[in-house]
Amino acid sequence: MQEFVSAIDIGTTKICVLTAQVGHDGLGKLSLRLLGAGVAPSRGIRRGVVVDVPEATAAVGEAIEKCEQEAGRQILSAYVGIAGSHIGTRNSRGVSPVDKRSGVTGADMQRALEGARAVALPENQEVIHTIARSWTVDGATEVQQPVGMSAYRLEVDAHIVTGSSTAINNLVQCVAAHGIDIDELVLEPLAANEAVLRPEERRMGVAVVDMGGGTSDLAVFIDNSLCNTIILDMGGNHLTNDVAVALRCPFETAEEIKLRYGTLLPERVAPDETVWANVFGEKSERSFSRRFICDVLEARAQEMMEIIAGKLTESGFIDRLPAGIVLTGGCSQLPGFAELGRSELSMPVRVGAAQSALPISGLTRALMTPGYATSVGLLLWGLHEDARAVHRRFEADHGGSSSQKWMGAAAKWLKTLLPDRD
C-alpha cells in the first residue's frame with residue numbers, strides 16, 4: 001500500500017494539489033493526514049479542457065511546487081481529476097461463464113467487466129471508467145456482491161465513461177512534465193461524490209452536481225451505484241459573463257462584483273443599494289443597482305436549474321431521487337443557490353462540502369468549502385484504491401494499444417471488492 005496519496009484537480013478557474021499520508025484512525029480504519037496543499041490560478045484551460053499545454057503545464061507546476069514546499073516532500077504520483085465537454089457516457093452489459101464448483105470468482109467478474117467495456121468507440125475516444133451498476137447471477141438481478149455465489153452465468157450492467165484521446169493526452173502531459181506519474185484519471189463528479197454525499201443519500205437516490213467555472217458535471221447515484229453521468233456546458237463563468245455584458249465592464253471586474261455583491265435572492269436586496277464599477281469607455285467608475293446585478297445572476301441560475309431538470313427528465317431519473325440534488329463546486333457557493341434550486345426543481349437541494357467526519361485530518365477551513373470538494377474527493381478516491389495496493393500509470397505519449405493504456409478501469413474497480421493482502 002502506498003504511504004502517501006496525492007490529488008491534482010485541474011479546473012477552469014484554479015488548480016489545486018493536495019498530498020496526504022496514509023494511516024489509521026482510532027478504530028483501525030484507513031485514514032489520511034493532510035500534509036500540504038497548493039493552489040494556483042488556471043491558465044491554458046477552457047471549459048475543463050487544456051487548450052494551451054505550455055501555459056497549463058506552468059500553472060500546474062506552480063500548484064505542485066506550493067504543495068511540495070508545504071508538505072516538505074516530493075510528489076511522485078497523483079490521482080488526477082478529469083472533466084470537460086468531451087466526456088461521454090453509455091451503459092453496456094457483459095457476460096462471463098462461471099465454474100459452478102468454485103462459484104463466482106474475481107476473475108469471472110473481471111471477464112464480465114471487460115466484456116462490457118468492449119464497446120465500439122470512435123477512433124478518437126478512449127475508456128476512462130468501467131463501473132458496475134449491478135450484477136445478475138443466473139437470472140437473479142440486482143446482486144450487490146456476487147463473489148462466492150454458486151452459478152453458471154454472471155452478467156454485469158456497467159456504466160462506461162469515455163473521453164477524447166486528444167484531451168486526455170494533453171491533460172496527462174501537463175502532469176507528466178513535472179515527473180509525476182498518474183495513478184488514475186478520475187471523472188470529477190465521481191471524486192466530488194466521495195466528499196459530499198452521505199451514505200443514506202447515495203442509497204436512496206441522489207444527484208450530485210459539481211458546478212465549476214466552465215462546466216457542471218452531474219452524476220446520479222441509486223442503491224449505492226452510479227447510474228448516470230452528464231457533462232453540462234455551463235458554469236460560474238457564464239454567470240460572470242452575463243454580469244460583464246450587462247454592466248459593459250471587464251470580465252475580472254464582473255467576477256469581483258459577483259463574488260462580493262452577488263446573490264440569487266434579489267428580493268432580499270434593498271432597492272436603493274448601489275455598486276460602483278469600472279466600465280469600458282469611461283475613466284471614472286459608474287454606479288449600478290445591486291438588485292439589477294442580482295436579477296441578472298438569478299436569470300442565468302434559473303436557466304441552469306432548468307437545464308439540470310431537463311437532463312434528469314430526459315435520462316428518466318427525475319422521479320427517482322428522494323434525496324434530491326447536492327450542489328458543490330465553486331459556483332454553488334453563490335448565496336441562494338440551494339433556495340433557488342428547491343424552488344425551481346421542487347425537490348430537496350443542498351450545497352455540499354467536505355466535512356470533519358471524513359477520514360481526513362488536517363483539512364483547513366478553506367478546503368472544507370464547496371470549491372474544494374473535488375480536490376478532497378480525489379484524495380478519498382485514492383485512499384480507497386490504495387487500500388488494495390492497485391496502481392496504474394499513464395504515460396504522456398500514451399504508448400501501446402488502447403487496451404494496454406487504459407488497462408484496468410474495470411480491473412482496478414474489481415480489486416476494491418477483494419480482501420486486503422497483508
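Data table
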{"item": "Selection within the range 90-108 - open to solvent by 50 Å² or more (accessible area, probe 1.4 Å) and touching a strand residue (DSSP E or B) at 6+ places or on another chain (Cβ under 7 Å)", "result": "Arg90, Asn91, Arg93, Val95, Pro97"}
{"item": "Only one of Ala78, Ala71 that is of a type in the set (A, V, I, L, M) and either touching a His at 6+ places or on another chain (Cβ under 6 Å) or open to solvent by less than 20 Å² (accessible area, probe 1.4 Å) (or both)", "result": "Ala78"}
{"item": "Count of the range 354-370 residues which are without any contact (Cβ under 8 Å) to a residue 12 or more places away in the chain and open to solvent by 60 Å² or more (accessible area, probe 1.4 Å)", "result": "2"}
{"item": "Within the range 1-22, considering residues that are within 17 Å of Gly72 (Cβ to Cβ) and not β-branched (Val, Ile, Thr), the one modelled with the lowest pLDDT", "result": "Glu3"}
{"item": "Of residues in the range 247-267 being of a type in the set (D, E, K, R) and within 24 Å of Gly329 (Cα to Cα), the one surrounded by the fewest Cβ atoms within 10 Å (Cβ to Cβ)", "result": "Arg260"}
{"item": "Residue among Val351, Val326 that is open to solvent by 40 Å² or more (accessible area, probe 1.4 Å), under 28 Å from Pro41 (Cβ atoms) and touching a strand residue (DSSP E or B) at 6+ places or on another chain (Cβ under 9 Å)", "result": "Val351"}
{"item": "Top-ranked residue of the range 76-101 - restricted to ones that are within 23 Å of the chain's Cα centre (by Cα) and in a loop (DSSP other than H, G, I, E, B), ranked as nearest to Ala191 (Cα to Cα)", "result": "Ala83"}
{"item": "Top-ranked residue of the range 178-193 - restricted to ones that are farther than 19 Å from Gly48 by Cβ and in contact with a Gly (Cβ under 9 Å, 6 or more places away or on another chain), ranked as surrounded by the most Cβ atoms within 10 Å (Cβ to Cβ)", "result": "Asp183"}
{"item": "Some residue of the range 278-298 being open to solvent by 40 Å² or more (accessible area, probe 1.4 Å), closer than 15 Å to Leu239 by Cα, within 33 Å of the chain's Cα centre (by Cα) and in contact (Cβ under 8 Å) with a residue 60 or more places away in the chain", "result": "no"}
{"item": "So Ser361, is it of a type outside the set (A, V, I, L, M) and on the phi < 0 side of the Ramachandran plot", "result": "yes"}
{"item": "Residue match in the range 234-246 (condition: assigned to a loop (DSSP other than H, G, I, E, B) and surrounded by fewer than 18 Cβ atoms within 10 Å (Cβ to Cβ))", "result": "no"}
{"item": "Qualifying positions in the range 121-169 - hydrophobic (A, V, I, L, M, F, W, C), out of contact with any Phe, Trp or Tyr (no Cβ under 8 Å at 6 or more places or on another chain) and farther than 18 Å from Ala107 by Cα", "result": "Leu121, Ala140, Ile160, Val161, Ala167, Ile168"}
{"item": "Among the residues listed as Val104, Val119, the single one being assigned to a loop (DSSP other than H, G, I, E, B) and either touching a Lys or Arg at 6+ places or on another chain (Cβ under 9 Å) or among the hydroxyl-bearing types (Ser, Thr, Tyr) (or both)", "result": "Val119"}
{"item": "Some residue of the range 319-326 being assigned to a strand (DSSP E or B) and either touching an Asp or Glu at 6+ places or on another chain (Cβ under 8 Å) or on the phi > 0 side of the Ramachandran plot (or both)", "result": "yes"}
{"item": "Criterion: under 15 Å from the mean Cα position of the chain (by Cα), open to solvent by 20 Å² or more (accessible area, probe 1.4 Å) and of a type in the set (A, V, I, L, M) - qualifying residue of Val49, Val39", "result": "Val49"}
{"item": "Helices (runs of 4 or more DSSP H) (entirely within the range 146-219) containing at least 3 residues that are modelled with pLDDT of 90 or more and under 21 Å from Ala373 (Cβ atoms)", "result": "188-196, 199-204"}
{"item": "Residue in the range 124-146 that is buried (at least 19 other Cβ atoms within 10 Å of the Cβ) and among the hydroxyl-bearing types (Ser, Thr, Tyr) present", "result": "yes"}
{"item": "Matching residues in the range 201-227 - criterion: being more than 26 Å from Leu334 (Cα to Cα) and of a type outside the set (Ser, Thr, Tyr)", "result": "Arg203, Met204, Ile222, Asp223, Asn224, Leu226, Cys227"}
{"item": "Residue match in the range 220-229 (condition: assigned to a loop (DSSP other than H, G, I, E, B), farther than 30 Å from Gln145 by Cα and not aliphatic (A, V, I, L, M))", "result": "no"}
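The values are calculated or read from the model by the stated rules, or taken from the named source; none is laboratory data. What you see is a predicted model, and the numbers here were worked out from it, not measured in a lab. Virtual Cβ from ideal backbone geometry, glycine too; neighbours counted across all protein chains shown. For accessibility, only protein heavy atoms count, side chains too; no ligands or nucleic acids. Shrake-Rupley method; radii C 1.70, N 1.55, O 1.52, S 1.80 Å.
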